[in-house]
Amino acid sequence: MPPKKLMMPDIHFVTALPCEAQPLIEFYRLKPAGRSKSFEIYEAPGKHLVLSGVGKIRAAEAVRFLHEFAGKIRDQAWLNVGIGGHPDLKIGEGVLAHKITDQKLAKSWYPPLVFEAPSRTESVVTVERAENKYGESCVYEMEASGFYEAACRFSTAELIHCYKIISDNRESSTKKVSAALVERLVRQNLEMIDEIVKKILTLAQALPHAEIPAHEFQKFLERWHFTVTEQHQLRRLLLRLQTLEPEAEIWPELQLLTKSKDVLNTLKDRINSLPVAL
Amino acid sequence: MIDTVYIEKEIESHPRTKEVCERFPKARRVFCERYGEVFNPNAQNFRLQKQKPALILAKKFDHFILKTQKGYGIGGDHNFYFSHMLNCLYDCRYCFLQGMYRSAHFVFFVNYEDFEHAIEKQIKEAGSEESYFFSGYDCDSLAFEPVTGFTSHFLPLFARHPKAWLELRTKSIQIKPLLEMKPVQNCVIAFSLTPTEIGAALEAKTPAVTKRLEAMEKLQERGWKLGLRFDPLIYHAQYQEQYERLFREVFKKIKIPSVHSVSLGPFRLPKQGYETMFKLYPEAKLFAGPLEERKGMVSYAQKIEEEMLNFITSRLLEYVPKNIFFPCLI
């Protein structure tokens, strides 16, 4: 039973505005891949981008839409790229979120920074309307909480991050923010964004990859009837055998059996008969 | 070493919080309400976080000390455990913490004084009877010592209460504070020991067994009471010769009068913990081997476990008097 080839997870970008998306589309050579009434998707091998529109609810819906569009594969890398305001940080500075707070819900999330952050990190507060008072020393924006909570349903938190580029501050208000400015700011941050993507994808490779290839497993289900519980047991036993004896040729022996229970018992006996190594 | 320190707002000004933060001046500081917000969410992967765990400074509110399970002990009837930390610096593949917590971040409870009150209350309730308090269940007792100052705080407490025993369970060689103080006669420094080959294969980031033995020798010379913990026992094709060699090495250096107690325990995990650990490390041979479920626990097949226990017990009793031998069969 040959082990499945190692697979690099995909990176899923979520951006609110076309002017945030355009530099990413060009940089990663993404092509239009699909659209619904609400969302547009662009893609290239290993990369997807969904244009969500403004606000946390749309960001959450866009995450769900992209997850389904990309084949409902779990534990993919997710990155929300967008703009935000901060009282003091200079325009164009990019920050990774180390805390995301939904101001309305008074709820916070803490994206685990398991890699060395290549940029500054900050608290990000998701607000309902554009913030002009900048009360706290944090980044104010409008999508992160919806994006993050939704993405956590489909992946593990270490692979989900928000990168926010400062578009306004006390010196330069939201009134000065134009599509052209946003596009320029994102373009200036592309190298940093790409570095973050590489770090997340490298981290993702530490996830366990041991799997029984679907077609191998299907062979068992076609040959014998396994209850749902037995299917779990079967998968577990095949994984254990794959670990202990990667070149095992057990199919000829199993083919002689008529009952699923006998298949499970034969696999157990085979595992228990193998010399135990560390 | 620590890039991120999460701090519960309530303990921001606690002196121990300040001391710890001073040790990591470059770490980002992130404030939270309760540590569970960071530590408990579902969508976390212990294996990924173990690559770079953060430190969470928190306050514990209740359950400062807990009764141990029946069958766990080193000679006393009143056995309790307490944890000033959750999670461990080391990365032992067999460790049940991987199956118990979703996060690999280190949680450090700074309110030692509340633990202290709970321990003193329990000692008082036990009256003239001895109580045993075990540290090192949810963390290694000494590994984080330079950060936590755990022993410097708790050993004087036990020195004042000779009827209360403290066991510090460790694989660490952070023994400097112990060497600098007068031995506390009702404290057992208990080292977990496995054969070198098993340590190399399964105990990532731990000091080598030879280093642990050197640390034990120093403690022995200073007059500290030692505990020898052969737990968990790991089965494999060469286990007999490896455990025999381990015992020879241990008892060449460690003299029985210095040993308070010796215990051993087979490799066993709660079923749910095993399931979680298997998902985290499906390629680990330890979890793929001849294990089976019995009464909600996953352990080696009964025949293997009995064979291993009988063999190791018999070899161990060649060195150790029965009155200080406490096999743990939970």
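With θ taken as phi - 60° and the Karplus curve 6.51 cos²θ - 1.76 cosθ + 1.60 applied, the whole-hertz 3J(HN,Hα) list for the stretch B:38-46 is 8, 7, 9, x, 5, 7, 9, 10, 4 Hz, x standing for glycine and proline.
Residues whose amide H lies under 5 Å from that of B:Val30, counting only those 5 or more places away or on a different chain, are B:Val5, B:Tyr6, B:Ile7; hydrogens are built 1.01 Å from N in the peptide plane. Each residue was assigned an accessible area with a 1.4 Å probe, and for B:Glu214 the value is about 80 Å². What a 1.4 Å probe finds exposed on the stretch A:11-207 is 49% carbon and sulfur by accessible area, rounded to a whole percent. Overall, the anisotropy analysis places chain A in the prolate class: the square-rooted eigenvalues a ≥ b ≥ c of its C-alpha gyration tensor yield a/c not less than 1.5, with a/b exceeding b/c. Given in Å, the Rg to one decimal and the Dmax to the nearest whole number for the Cα atoms of the stretch A:210-273 are 10.7, 28. Whole-percent P(r), the protein assembly as shown, all Cα pairs, 20 Å bins from 0: 18, 43, 32, 7, 0. How big is the dipole moment of the protein assembly as shown about its Cα centre under a simple scheme where the beta carbon of each Lys and Arg is +1, that of each Asp and Glu is -1, and everything else is neutral? Debye, nearest 20, please. Roughly 100 debye, rounded to the nearest 20.
Couplings 3J(HN,Hα) of the stretch B:127-142, computed from phi: x, 8, 7, 7, 10, 10, 10, 9, 10, x, 7, 9, 6, 8, 5, 10 Hz, in residue order, whole Hz [Karplus 6.51 cos²θ - 1.76 cosθ + 1.60, θ = phi - 60°; x for Gly and Pro]. Considering only alpha-carbon pairs that sit under 8 angstrom and 6 or more positions apart, the relative contact order computed for chain A is 21 percent.
The simple Förster model, with R0 at 56 Å and r as the Cβ-Cβ distance, assigns A:Ser137 and A:Arg223 a FRET efficiency of 0.35. Candidate cross-link partners of B:Lys255 among the lysines, defined by an alpha-carbon separation under 29 Å and a same-chain spacing of 8 or more, comprise B:Lys163, B:Lys171, B:Lys176, B:Lys182, B:Lys205, B:Lys211, B:Lys218, B:Lys225, B:Lys322. By the Cβ rule of 4.7 Å, chain B holds the following cysteines without a possible disulfide partner: B:Cys21, B:Cys32, B:Cys88, B:Cys139, B:Cys187, B:Cys328. The relative contact order of chain B comes to 15 percent, based on Cα pairs under 8 Å that sit 6 or more residues apart.
Both radii are taken from the alpha-carbon atoms of the stretch B:4-324; with Rh as the Kirkwood radius, Rg/Rh is 0.95.
For A:Glu40, the residues 5 or more places off, or on other chains, whose built amide H falls under 5 Å of its own are A:Leu51. Shown here: the stretch B:87-130, whose C-alpha atoms stretch 41, 23, 16 Å along the first, second and third principal axes, sorted largest to smallest. At R0 = 35 Å, how high is the FRET efficiency between A:His232 and A:Ala277 if r is their beta carbon distance? Nearest 0.05 is fine. With a Förster radius of 35 Å, E is 0.85. Annotation: amide H of B:His78 within the under-5 Å range of B:Tyr132, sequence separation 5 or more or interchain, hydrogens built in the peptide plane. Summarising the label geometry, the points placed 7 Å from Cα in the beta-carbon direction at B:Thr313 and B:Glu283 lie 3.8 nm from one another. Neighbours of B:Val5, meaning other residues whose beta-carbon lies under 14 angstrom from its beta-carbon, give a summed charge of +4 when Lys and Arg score +1 and Asp and Glu score -1. Rounded to the nearest whole Hz, the Karplus-based 3J(HN,Hα) values (6.51 cos²θ - 1.76 cosθ + 1.60, θ = phi - 60°) of the stretch A:26-40 follow the sequence 6, 4, 9, 6, 7, 10, x, 10, x, 8, 10, 4, 9, 10, 10, with x at glycine and proline. The modelled label-to-label distance between B:Glu214 and B:Ala237, using points 7 Å beyond Cα along the C-beta direction, is 3.3 nm.
Using a/c under 1.5 as the rounded threshold, could you call the stretch A:154-257 rounded, prolate or oblate? The axes a ≥ b ≥ c are square roots of the C-alpha gyration tensor eigenvalues, and prolate needs a/b larger than b/c, oblate otherwise. Taking the square roots of the gyration eigenvalues as a ≥ b ≥ c, the stretch A:154-257 is prolate.
The values are calculated or read from the model by the stated rules, or taken from the named source; none is laboratory data. Here the structure is a predicted model, which means the values were calculated and not measured. Heads up, the Cβs are rebuilt from the backbone with ideal geometry, glycines too, and the neighbour counts pull from every protein chain shown. Areas reflect the complete protein model, heavy atoms only, side chains present, ligands, DNA and RNA absent. Shrake-Rupley method; radii C 1.70, N 1.55, O 1.52, S 1.80 Å.
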